[in-house]
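Where a number appears in this text, it was derived from the coordinates with a stated rule and is not lab data. Here the structure is a predicted model, which is why all the values come from computation and not from measurement. We place every Cβ from the backbone using ideal geometry, glycine too, and count neighbours over all the protein chains shown.
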Amino acid sequence: MLNEKEMVNDTLTMLKSSITGYSNVISEAGNPQFRQTIQQIRNNCEQSQYELYKLAEQKGYYQPAAQARQDEIQQIKSSFIQ
């Protein structure tokens with residue numbers, strides 16, 4: 001039987017995979033109404049993932065990466081602008 005930490009981490013993994021799948025569908029959708037519907041579903045999924053992430057972080061199930069320094073952020077931005 002899975003403990004709470006394993007269930008939370010499994011659900012986070014599932015939600016991240018779903019978000020990726022929804023993004024792929026959105027990028028290929030030709031029907032505007034269908035595209036908008038999938039975007040709403042993806043947005044709801046992203047919100048659920050964020051809320052579960054915050055719970056996992058609060059309970060110590062997830063240790064986020066260190067905050068990036070401002071110069072690192074600027075370097076990444078610059079690489080995409082070129």
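A few notes on this one:
- Summed over segment 41-72, the residues that are closer than 16 Å to GLU4 by Cβ and in a helix (DSSP H, G or I) give a count of 8.
- Subset of segment 24-40 [assigned to a helix (DSSP H, G or I) and either under 11 Å from the mean Cα position of the chain (by Cα) or aliphatic (A, V, I, L, M) (or both)]: VAL25, ILE26, ILE38
- ILE26, sole failed condition from (1) at positive phi; (2) surrounded by 11 or more Cβ atoms within 10 Å (Cβ to Cβ): (1)
- Selection count where residues are exposed (fewer than 15 other Cβ atoms within 10 Å of the Cβ) and in contact with a helix residue (DSSP H, G or I) (Cβ under 9 Å, 6 or more places away or on another chain), scope segment 1-10: 2
- Where LEU2 falls short, out of the listed (1) assigned to a loop (DSSP other than H, G, I, E, B); (2) within 20 Å of the chain's Cα centre (by Cα); (3) free of Cβ contacts under 8 Å to residues at least 24 places away in the same chain: (2)
- Test: residue in segment 50-71 that is of a type in the set (Asp, Glu), within 18 Å of THR13 (Cβ to Cβ) and in contact (Cβ under 8 Å) with a residue 12 or more places away in the chain: no
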